[in-house]
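J.: Structure in structure tokens, see below.
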Amino acid sequence: MKREFAILGAGRLGRTLGRLLAFQDYRPTGLSCRTLQSARQASAFIGGGSPTTSNPRAAARAPLVLIATPDREIVPVARELSRARLAWTGRIVAHTSGAVSSTALEPLKTRGALVASLHPLASIATSRPDAEFRGTPFAIEGAPRAVHVLRRLVLDIGGLPVTIPREAKALYHLIARTTWWRSWRADSRRPGDWVWAPVRPPGSTCRSFAERWKTWQVSALSRL
């Protein structure tokens, strides 16, 4: 059976996640954007999903709802969805912010939803058909059942799931902002390769440092 999901705020990150999930036999049911044109473009990029400007309509049927809006919109969207005449008990709702914890989804939790957050330790400058998250750490926190499902999702798209305590989200965000950035490089070994580029100590220029630093940092996050 195909696994169904909806994306609210199908921008750069939402589109990339949606496309990779669709490649792994997940089925998009609804996609919402501020404009219908953007939603249609997202649907074409992902390869499915009913485009709409209505968040409740996009989320109506999906057992998994991913909120990929800007941080400031997460709480308003959660309130909007909680007021909608939709059944939320047992459904998983997760946002993709690196700064905000799953407590932002409290209005949906009170309706019975299993809330969580997941965030890739990467920066998406633009939506590209050849984008991937192979080996990318994803910080995940929230309700245990939701975390279990999201860990499987991250593994399916080639990412590295890292479960962190909810109260450690602020520390994770600090680490993410001060230690990491990731971008496309035209001179990488293969077209479409991601290149890790962490902040390095003075005088350290070797690429192997980036790999060692990535491994250490992920290990540290998993022990938060």
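The values are calculated or read from the model by the stated rules, or taken from the named source; none is laboratory data. All values reported here derive from a predicted model rather than from experimental measurement. Positions of Cβ are generated from backbone atoms using ideal geometry, with glycine treated the same way; all protein chains shown enter the neighbour counts.
J.: Suppose we keep only residues that are more than 19 Å from the chain's Cα centre (by Cα) and buried (at least 18 other Cβ atoms within 10 Å of the Cβ) within the stretch 86-108. Which one would you say is farthest from Leu153 (Cα to Cα)?
T.: Among them, the one singled out is Pro107.
J.: Output the residue which, of all residues in the stretch 109-125 that are small (Gly, Ala, Ser) and surrounded by 19 or more Cβ atoms within 10 Å (Cβ to Cβ), is farthest from Ile164 (Cα to Cα).
T.: The selected residue is Ala113.
J.: Ok, one more. Can you tell me which residue among Ala122, Ala139 is hydrophobic (A, V, I, L, M, F, W, C), touching a residue at least 60 places away in the same chain (Cβ under 8 Å) and closer than 17 Å to Ala94 by Cα?
T.: Unique residue meeting the criteria: Ala139.
J.: Considering only the stretch 39-59, I want to know if a residue exists there that is closer than 23 Å to Arg166 by Cβ, at pLDDT 95 or above and in contact with a Pro (Cβ under 7 Å, 6 or more places away or on another chain).
T.: Within the stretch 39-59, none of the residues are closer than 23 Å to Arg166 by Cβ, at pLDDT 95 or above and in contact with a Pro (Cβ under 7 Å, 6 or more places away or on another chain).
J.: Next question, about the same structure. Looking at Arg145, Arg128, Arg83 in this structure, which one is free of Cβ contacts under 8 Å to residues at least 40 places away in the same chain, surrounded by fewer than 19 Cβ atoms within 10 Å (Cβ to Cβ) and over 23 Å from Leu171 (Cα atoms)?
T.: Values: Arg145 fails: free of Cβ contacts under 8 Å to residues at least 40 places away in the same chain; Arg128 fails: free of Cβ contacts under 8 Å to residues at least 40 places away in the same chain.
Unique residue meeting the criteria: Arg83.
J.: Inside the stretch 33-54, can you point out the residues that are within 22 Å of Leu20 (Cβ to Cβ) and touching a Leu at 6+ places or on another chain (Cβ under 6 Å)?
T.: Hits for the stretch 33-54 are Ala39, Ala42, Ser43, Gly49, Pro51.
J.: Quick check on the stretch 52-73. Is at least one of its residues among the basic types (Lys, Arg), under 13 Å from Glu4 (Cα atoms) and either touching a helix residue (DSSP H, G or I) at 6+ places or on another chain (Cβ under 7 Å) or in a loop (DSSP other than H, G, I, E, B) (or both)?
T.: First, pick out the residues of the stretch 52-73 that are among the basic types (Lys, Arg): 57, 61, 72.
Those left that are additionally under 13 Å from Glu4 (Cα atoms): 61.
If we keep only those that are either touching a helix residue (DSSP H, G or I) at 6+ places or on another chain (Cβ under 7 Å) or in a loop (DSSP other than H, G, I, E, B) (or both) too, we end up with 61.
For the stretch 52-73, residues among the basic types (Lys, Arg), under 13 Å from Glu4 (Cα atoms) and either touching a helix residue (DSSP H, G or I) at 6+ places or on another chain (Cβ under 7 Å) or in a loop (DSSP other than H, G, I, E, B) (or both): present.
J.: Further, regarding this structure: In the stretch 1-51, how many are assigned to a strand (DSSP E or B) and among the acidic types (Asp, Glu)?
T.: Matching residues across the stretch 1-51 total 1.
J.: Turning to a different aspect of this structure: If you take the residues in the stretch 6-38 that are of a type in the set (D, E, K, R) and closer than 21 Å to Arg134 by Cβ, which one is surrounded by the fewest Cβ atoms within 10 Å (Cβ to Cβ)?
T.: Asp25
J.: Only one of (1) farther than 19 Å from Val149 by Cβ; (2) among the charged types (D, E, K, R); (3) touching a strand residue (DSSP E or B) at 6+ places or on another chain (Cβ under 6 Å); (4) touching a residue at least 60 places away in the same chain (Cβ under 8 Å) is not met by Arg19, so which one is it?
T.: Tallying (1) farther than 19 Å from Val149 by Cβ; (2) among the charged types (D, E, K, R); (3) touching a strand residue (DSSP E or B) at 6+ places or on another chain (Cβ under 6 Å); (4) touching a residue at least 60 places away in the same chain (Cβ under 8 Å), Arg19 fails exactly one: (3).
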